[in-house]
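Novice: Input: one structure, supplied below.
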Amino acid sequence: MKKSIRPAALLLAVYLVFLLCACGTDDDTAASNGRYQTLETFEDQTFSIGFRNDDFVRYYVEAALEVLSADGTIHSIAVQWFSEDATTFESDAEALDRIGDIPVRTLIVGLDEDAFPMSYADGDGYSGFDVDVARAVCNKLGWEIKFIPIESENAYVELSSGNIDCAWGGLTLDTEATDYTVLPSYMSNSLVLIVRTDSGIRSKSKLSGKTLAIDIGSKYMDVLNSDQDLKNSLGQITRLTGGAQACFEALDSGAADAIIVYSVAARYYGK
């Protein structure tokens, strides 16, 4: 004869399951990314590539990108940096065939040297996802390449003055701009508030009296100023040189309880 489950026992079992499921939740539950958790997304952005209006170099670069997307080169570079491919480049294996002869030249690329892992200063040169893709484009075109550090807000000035041929490398450009040409965005990004998963911090309210580390770039302080409740609750705000790398080093060493970085940097470190 089967024994029936008493209602009281059933209710107790359901209650225990509820407690287990609810364990670790808070008033602003963090999104887990392996070793790190995102407490808040402050600002959605996208990465783009800019050129001078009517500069034909744009068509060569665009065609090379389509070929590299079609043959899997960009996918391989993305997986190397992020363990996944979140790019949105168009693919066309025959794009360069339709563009005609390719002149020999050096492409001068303006990049953000503090936008790890998209582009960043690395010893005497530069590294990053965008840097690798730009080099692959120039290899495909048979061009030399030279990188120059710029700020996103100075893209038009740098292009119009002739200092650079292309604004590309961790840059968030105005896709509606009319004074220079901006290609469709190829990767989404945002500024995010990050803590270690093992910190026990599950919401901004738990950062009261804690230490926050951010890059010295003005955009990081701007986004912090947009959340005065968070800013005023912090015990200390440390501004670091060295970009996201320095911020994650501070977080991992315990020198900082939280950091504000690019979401692509969190994706890289959390892979």
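The values are calculated or read from the model by the stated rules, or taken from the named source; none is laboratory data. Because the structure is predicted, anything quoted here is derived from the model rather than measured. Heads up, the Cβs are rebuilt from the backbone with ideal geometry, glycines too, and the neighbour counts pull from every protein chain shown. Heads up: the accessible areas ignore ligands, DNA and RNA and are worked out on the full protein's heavy atoms, side chains in. Shrake-Rupley method; radii C 1.70, N 1.55, O 1.52, S 1.80 Å.
Novice: With the structure loaded, tell me whether Ala93 is at pLDDT 95 or above, open to solvent by 40 Å² or more (accessible area, probe 1.4 Å) and more than 21 Å from Leu159 (Cα to Cα) or whether it fails that test. Before you say what the answer is, go through the steps one by one.
Specialist: Numbers: at pLDDT 95 or above: yes; open to solvent by 40 Å² or more (accessible area, probe 1.4 Å): yes; more than 21 Å from Leu159 (Cα to Cα): yes.
Spelling it out, Ala93 is indeed at pLDDT 95 or above, open to solvent by 40 Å² or more (accessible area, probe 1.4 Å) and more than 21 Å from Leu159 (Cα to Cα).
Novice: Say we look at region 205-238 and pick out the residues that are among the hydrophobic types (A, V, I, L, M, F, W, C) and in a helix (DSSP H, G or I); which of these is surrounded by the fewest Cβ atoms within 10 Å (Cβ to Cβ)?
Specialist: Looking at residues that are among the hydrophobic types (A, V, I, L, M, F, W, C) and in a helix (DSSP H, G or I), I get Met221.
Novice: So the check is Cβ under 8 Å with 6+ separation or different chains; which pairs have a first residue in region 97-108 that's in a loop (DSSP other than H, G, I, E, B) and a second one that's open to solvent by less than 60 Å² (accessible area, probe 1.4 Å) and of a type in the set (Val, Ile, Thr)?
Specialist: As it stands, the answer is Arg105/Val57, since those pairs meet every condition given.
Novice: Could you pull out the residue among Thr106, Thr73, Thr87 that is among the polar types (S, T, N, Q), at pLDDT 95 or above and loosely packed, with under 13 Cβ neighbours inside 10 Å? Can you show your working first?
Specialist: Values: Thr73 fails: loosely packed, with under 13 Cβ neighbours inside 10 Å; Thr87 fails: loosely packed, with under 13 Cβ neighbours inside 10 Å.
Just one listed residue meets the conditions, Thr106.
Novice: Listed residues Leu191, Leu159; which is among the hydrophobic types (A, V, I, L, M, F, W, C), closer than 30 Å to Arg58 by Cα and in a strand (DSSP E or B)? Steps first, answer last, please.
Specialist: Working: Leu159 fails: in a strand (DSSP E or B).
So the residue among Leu191, Leu159 that is among the hydrophobic types (A, V, I, L, M, F, W, C), closer than 30 Å to Arg58 by Cα and in a strand (DSSP E or B) is Leu191.
Novice: Looking at region 239-271 only, could you name the residues that are open to solvent by 50 Å² or more (accessible area, probe 1.4 Å), part of a loop (DSSP other than H, G, I, E, B) and modelled with pLDDT of 90 or more?
Specialist: Result: Ala255, single match.
Novice: Quick one: in region 121-153, of everything that is within 20 Å of Ser185 (Cα to Cα) and free of Cβ contacts under 8 Å to residues at least 24 places away in the same chain, which residue is surrounded by the fewest Cβ atoms within 10 Å (Cβ to Cβ)?
Specialist: In this case the residue turns out to be Glu153.
Novice: Only one residue in Ile194, Ile201, Ile237 is of a type in the set (A, V, I, L, M), under 17 Å from the mean Cα position of the chain (by Cα) and farther than 30 Å from Ile108 by Cβ, so which one is that?
Specialist: Answer to the check: Ile194.
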